[in-house]
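In what follows, a single structure is set out as structure tokens and then discussed.
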Amino acid sequence: MNVKETLNVASEELMKIGSLDAKLEAEVLLRYVLKIDRATMFQDLDEDVSIEDSGNIASLVKRRTQREPLAYITRVKEFYGLPFAVSEDVLIPRQETELLVDAAIVQAKLLDKNEISIVDVGTGSGAIAVSLALNIPTASVIAVDISEAALVIADDNRRTHGLYSRVKLRRGDLLEPIIDKIDILVSNPPYIRSDKLTSLQEEVLKEPMVALDGGYDGLELIKKLLFQAVDKMSNPSVILFEIDSDQAAEAVKLSQQFFPSAITTVLKDLSNNERAVLLEIR
């Protein structure tokens with residue numbers, strides 16, 4: 001079969017599982033095996049695909065039809081315009097989380113400090129920490145995770161993007177490893193309610209449960225994080241954390257309990273869902 005025919009077969013298989021992006025996913029898997037970019041793929045639609053490559057593509061398509069996330073198959077996910085290595089040990093970075101990076105960059109400019117201390121809690125792949133370090137030249141970033149396996153992936157990503165000296169890794173429970181004062185605290189914590197986990201997509205359930213389960217109300221880790229942050233934030237400083245779209249009111253109430261004088265704002269993502277809480281501590 002040639003490239004075009006191989007794409008069509010792969011797309012048809014992926015459509016059987018109801019993939020809304022079957023054609024795009026087929027392209028990604030084909031390009032991953034053939035090690036070509038999209039422009040080259042379209043130029044070579046009539047080129048034959050070797051038996052070995054056809055078998056490898058079919059094998060990856062089968063894994064995807066078994067609901068394995070595409071990013072885990074290709075071992076990479078784009079975030080904030082950059083490629084990040086991922087594995088089954090880390091949550092797959094998502095576009096809506098880029099909101100945290102956007103907001104942190106804005107807040108860093110408003111803080112107007114010569115050096116800004118940023119802590120990313122629950123760093124996973126390190127996508128947030130690396131993106132912030134690259135976009136805030138004055139930032140010194142500490143990325144924290146309780147999972148040693150996740151920190152291995154984060155280390156790979158900080159090295160890939162040339163940030164070994166600017167992004168420090170710490171293993172621990174939320175802010176426990178942090179000693180110095182924090183200017184910007186950012187986190188995409190586990191926030192899914194325990195009783196909602198079984199209703200998640202099968203692909204999502206293949207991601208680390210420790211990165212998903214937010215306890216009985218989805219806010220247990222956020223509450224603990226805010227409690228730990230009380231004595232660790234500079235003045236002025238900023239806290240940013242992601243939430244589920246139905247948690248805004250409770251998350252704001254919780255934030256005001258720990259930081260009653262802070263200006264608290266709910267931020268919406270590109271789909272107009274309430275996605276993050278911003279605390280400006282003055």
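Give me the pairs: first residue in segment 99-125 and on the phi < 0 side of the Ramachandran plot and in the same structural domain as Pro137 (by TED's automatic domain parsing), second residue assigned to a strand (DSSP E or B) and of a type in the set (Lys, Arg), beta-carbon distance under 6 Å, and six or more apart or on different chains, which are they?
Leu99/Arg275
Can you tell me which residue is nearest to Ser271 (Cα to Cα) among those in segment 42-101 that are hydrophobic (A, V, I, L, M, F, W, C) and touching a Pro at 6+ places or on another chain (Cβ under 9 Å)?
By that ranking, first place goes to Phe79.
Out of Leu225, Leu254, Leu212, Leu219, report the one residue that is assigned by TED's automatic domain parsing to the domain that holds Lys181, farther than 30 Å from Gln66 by Cα and touching a residue at least 40 places away in the same chain (Cβ under 8 Å).
Leu225 is the lone residue from the list that is assigned by TED's automatic domain parsing to the domain that holds Lys181, farther than 30 Å from Gln66 by Cα and touching a residue at least 40 places away in the same chain (Cβ under 8 Å).
I'd like to verify a number: residues in segment 208-221 that are in contact with a Pro (Cβ under 7 Å, 6 or more places away or on another chain) and assigned to a loop (DSSP other than H, G, I, E, B), how many?
Count: 2.
Would you be able to say whether some residue in segment 222-244 is closer than 14 Å to Ala276 by Cα and in a loop (DSSP other than H, G, I, E, B)?
So far as segment 222-244 goes, yes, one or more of its residues are closer than 14 Å to Ala276 by Cα and in a loop (DSSP other than H, G, I, E, B).
I'd like the full set of residues that are surrounded by 16 or more Cβ atoms within 10 Å (Cβ to Cβ) and over 18 Å from Ala71 (Cβ atoms), limited to segment 16-35.
Leu34
The values are calculated or read from the model by the stated rules, or taken from the named source; none is laboratory data. Just so it is clear, the structure is predicted and the values come from calculations on it, not from any experiment. Note that each Cβ is placed from the backbone with ideal geometry, even for glycine, and that neighbours are counted across all protein chains shown.
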